[in-house]
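Trainee: Quick one: the structure is below, questions incoming.
Just so it is clear, none of the values below were taken in a lab; they were calculated from the coordinates. Not measured: the values here are computed from a predicted model. Cβ: placed from backbone, ideal geometry, glycine included. Neighbour counts: every protein chain shown.
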Ligand code: GLV
């Protein structure tokens with residue numbers, strides 16, 4: 001029997017038990033913090049409390065229910081000497097690409113303008129933006145970003161991708177490293193970020209960056225909140241350099257009730273829902289990680305602590 005210590009609510013634990021049991025019949029999901037959880041072989045968590053992994057004598061690896069690992073990096077009690085595996089589920093890439101496209105097209109076709117006009121019973125067409133060749137820049141072109149970039153290309157946009165290191169992606173012009181960031185941003189009309197949070201990406205969307213975009217550009221952040229300099233964002237929205245922003249992630253989550261973003265007319269606030277983990281589809285990735293870790297093999301999507309994701 002393989003014992004998986006789960007941190008989360010009982011309903012979610014039951015869902016994981018059901019979907020994992022179909023793939024790994026000898027796998028039991030138990031509460032990580034219970035006595036039996038203390039004897040687990042593996043942990044399956046999203047945001048565990050500090051010290052959750054102390055005194056787990058059998059622990060061979062930790063599997064995350066999401067993609068981002070910045071919170072695990074920040075917790076010094078997470079053991080560094082056993083594998084940490086993140087979830088790379090195509091269902092989440094699909095969901096995030098839908099969210100990014102929804103917000104991009106809503107901006108591109110002036111959705112919020114017409115919604116406001118409807119409230120005022122006002123019939124006032126704007127000139128339509130061009131239907132092909134709009135410049136979209138996707139920041140982070142890994143498992144999720146490459147799906148997003150390819151889908152924008154299929155919609156007729158001219159797509160750029162920005163990555164830490166050079167790579168190639170059909171139909172997408174890639175810019176790499178901090179030295180490539182300015183050219184990536186130059187004249188871009190829509191930015192979609194799905195970057196992981198690392199010291200290099202913290203504050204990457206700031207005054208300089210916004211200043212290089214096309215006037216009236218739109219920011220879509222599905223990465224992590226600290227990648228945006230909030231004051232610079234507000235200034236760029238105020239000056240009209242940016243037309244708006246759709247944000248799913250924030251420096252503090254939940255976004256505090258008195259935060260200015262809630263009522264800002266040019267900001268759409270989403271409560272970190274752009275891509276939620278779907279146990280039914282993610283179970284295949286989790287089962288593969290469990291099998292590899294139990295066999296002492298290198299799991300796919302193992303986090304590299306030095307790289308930061
Ligand atoms: C969600 O934000 C994730 O990192 O999976």
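Trainee: Can you compute the helix-only [θ] at 222 nm over the chain? Use -39500 (n - 2.57) per DSSP H run of at least 4 residues, normalise by all residues, nearest 500 deg cm²/dmol.
Mentor: -9500 deg cm²/dmol
Trainee: What share of all Cα pairs of the range 41-155, in percent, falls into each consecutive 5 Å distance bin?
Mentor: 2, 9, 15, 14, 10, 10, 10, 9, 7, 6, 4, 3, 1, 0
Trainee: What is the distance, in nm, between label points placed 7 Å from the Cα along the Cα-to-Cβ direction at residue 206 and at residue 297?
Mentor: Inter-label distance under the simple model: 4.5 nm.
Trainee: Of all DSSP beta bridges in the range 90-269, what percent run antiparallel (nearest 5)?
Mentor: Roughly 5 percent of the DSSP beta bridges within the range 90-269 come out antiparallel.
Trainee: Of all DSSP beta bridges located in the chain, what percent are antiparallel, nearest 5?
Mentor: Antiparallel bridges make up about 5 percent of those DSSP assigns within the chain.
Trainee: Using only Cα atoms, tell me the angle between helix 230-239 and the longest principal axis of the chain; keep it within 0 to 90° and round to the nearest 10.
Mentor: So the helix axis and the longest Cα principal axis differ by about 20 degrees.
Trainee: According to the Cα gyration tensor, what semi-axes, each the square root of 5 times an eigenvalue, does the equivalent ellipsoid of the range 103-227 have, listed from largest to smallest in whole Å?
Mentor: 27, 16, 13
Trainee: Sticking with this structure for a sec: If I take R0 = 30 Å and measure r between the Cβ atoms of residue 28 and residue 88 in this structure, what FRET efficiency does the formula 1/(1 + (r/R0)^6) give, to the nearest 0.05?
Mentor: For residue 28 and residue 88, the calculated efficiency is 0.75.
Trainee: Kirkwood hydrodynamic radius for the chain: how many Å is it when counted over pairs of different Cα atoms?
Mentor: Its Kirkwood hydrodynamic radius stands at 20.8 Å.
Trainee: I want to check the label-to-label distance for residue 257 and residue 120. Put each point 7 Å from Cα in the C-beta direction and report it in nm to one decimal.
Mentor: Label-label distance for residue 257 and residue 120, simple model: 3.1 nm.
Trainee: Please give the Cα centre distance for the range 252-291 versus the range 1-34, rounded to the nearest Å.
Mentor: The range 252-291 and the range 1-34 have Cα centres spaced 22 Å from each other.
Trainee: Find the relative contact order for the range 90-269 and round it to a whole percent, using C-alpha pairs within less than 8 Å whose residues are 6+ positions apart.
Mentor: Once normalised by length, the contact order is 17 percent.
Trainee: Give me the distance between the Cα centres of the range 162-226 and the range 106-120, rounded to whole Å.
Mentor: So the separation of the two Cα centres works out to 27 Å.
Trainee: OK, next. Between 51, 116, 206, find the one with the highest GNM mean-square fluctuation for the chain; connect C-alpha pairs within less than 10 Å.
Mentor: Maximum fluctuation in the GNM of the chain, among the listed residues, is at 116.
Trainee: To the nearest 10 degrees, how steeply does helix 10-23 sit against the main Cα axis of the chain, on a 0 to 90 scale?
Mentor: Once rounded, the angle reads 70 degrees.
Trainee: Shifting gears a bit: By how many degrees, between 0 and 90 and to the nearest 10, does the Cα long axis of helix 279-294 differ from the longest principal axis of the chain?
Mentor: Rounded to the nearest ten degrees, it is 50.
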